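What follows is one structure encoded as structure tokens, with my remarks underneath.
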Amino acid sequence: MNNEGGDKIRIVDIARLAGVSAGTVDRVIHERGRVSEDKKKKVEAVLEQFGYEPNMAARSLASRKDFTIAVIAPTYPEGSYWELVYKGMERAAAELKSYGVKVVFSRFDQYDPASFDAAAVAARGEGTSGVLMATHFLPRVVELSGELDSAGVPYVYIDSGIEGCGNLAYFGGDSLVSGSMAAKLLVNGTGLPDRVFVAHIKFARKDISLQMQTRYDGFAESLRKAGYKGEIDHLELDPDKPLPSTKKMHNYLRLRGGKTGGIVLNSRVYQLIEIMDRIADDVKAHVKLVGFEAIPANVKALMEGKVASLVSQRPELQGYYALKAMGEYLLYSREPDKENLMPLDILIKENAPYYLSF
């Protein structure tokens, strides 16, 4: 057995220091059998002194209880942001499996609220010990959270936090700060633009997620503080309808003119680039774009000089840490911090290759 520092600590050593039998120490560590309160306190004092914690496998085997974690998260195309989140969750799920924790994925279409409802029904079935959920469709997430609170089922948010709910924890980036960073990157080097637009890719402006809205709030506030006094225009573009989307983008740039800054609030700046690629060079000559997340298509656009910079919040770590925290809470009541913010990285053309190779 190891303490947190890695030194070997034997049960007999703990027993000797606590003045109890080795059997008593074993019962305290694995929470089995009866131990007097006095002896329990003596053993716990020694354990705390050495920073000793039983490992997950020992606790799971001792309790002989299996757990099921339901994950409610979006479906995803290859190379997308959510694919990276899933990779992190799948790695955590593989580790937890050895400890008797089963992970069940309930997927939903992030453009279809009804599909979230169906995923939620599947996730909160009998036998669910805990829930990890992406916070799309805010009213539905709040409703589901209330049901889980009433049922005494712990749940963790990923991607965006929601104030006032009883979630065990949140894992993700600070959306307000990431939006503010994007505004500063837009202004940095070239100064204030004459025009600024937000491209809403596939989402109508009224349907953007909580994360996207919070990013926008940070972006707009920082832009105003930098001295921008113009309007922030909103363009709804659908890459599945390339001709009308290209025409809308072309007309905006041609009619507005001047130095123009643009941003996409989710990870789909690469789809804005697909539209921009069909616009004449002279029309888009003075456009500077900023996006989010270091997914392959976005990094390709960055390396080609079509995007000036990216703000990334390491989606794999979000998925891994969030699911691992839920597992550890179920296995041995280790309560995570309420808010767990991921690092926010800035990628530009020059440092992207080193970031990706890390």
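Here are the numbers for this structure:
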| item | result |
| --- | --- |
| Acute angle (nearest 10 degrees) that the helix 210-225 long axis makes with the longest principal axis of the chain, alpha-carbon atoms | 60 |
| Cβ-derived FRET efficiency at R0 30 Å, E335 paired with R10, nearest 0.05 | 0.60 |
| Antiparallel %, DSSP beta bridges [both residues in the chain], to 5 | 10 |
| Relative contact order of the chain, pairs being alpha-carbon contacts under 8 Å that are 6 or more residues apart, as % | 17 |
| Given charges at beta-carbon only (K, R positive; D, E negative), |dipole| of segment 203-303 in Debye | 300 |
| Set of lysines near K338 by C-alpha distance (under 26 Å), chain-local residues within fewer than 8 positions excluded | K65, K87, K97, K102, K324 |
| Under 20 Å from the E95 label point (7 Å along Cα→beta-carbon), backbone N, segment 151-170 | 155-159, 168-170 |
| Highest average packing first - 43-50, 252-259, Cβ atoms within 10 Å | 43-50, 252-259 |
| The chain: radius of gyration over Cα atoms, expressed as a fraction of 2.2 N^0.38 Å | 1.21 |
| Computed E for A226/K247 - FRET, C-beta separation, R0 41 angstrom, nearest 0.05 | 0.85 |
| Distance (nanometres) between label positions extended 7 Å along Cα→Cβ at A151 and K40 | 3.0 |
| Whole-angstrom gap from segment 76-129 to segment 245-279, using each part's C-alpha centre | 33 |
| Probe 1.4 Å, accessible area per residue of segment 160-317, Å² | 43 |
| Accessible surface of the chain, 1.4 Å probe, proportion on carbon and sulfur as whole % | 50 |
| Extent along principal axes [Cα atoms of segment 182-338; Å; largest to smallest] | 61, 35, 32 |
| Ranked packing of 81-90, 317-326, 242-251, 111-120, most packed first, by mean Cβ within 10 Å | 317-326, 81-90, 111-120, 242-251 |
| Estimated distance in nm for a label pair at D194 and E304, the labels positioned 7 Å out from Cα along Cα-to-Cβ | 2.7 |
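The values are calculated or read from the model by the stated rules, or taken from the named source; none is laboratory data. None of the values given here were measured: they were computed from a predicted structure. Because the Cβ atoms are built from the backbone with ideal geometry, glycine has one as well, and the counts that use them run over all protein chains shown. The accessibility values were calculated without ligands, DNA or RNA, using every heavy atom of the protein model including side chains. Shrake-Rupley method; radii C 1.70, N 1.55, O 1.52, S 1.80 Å.
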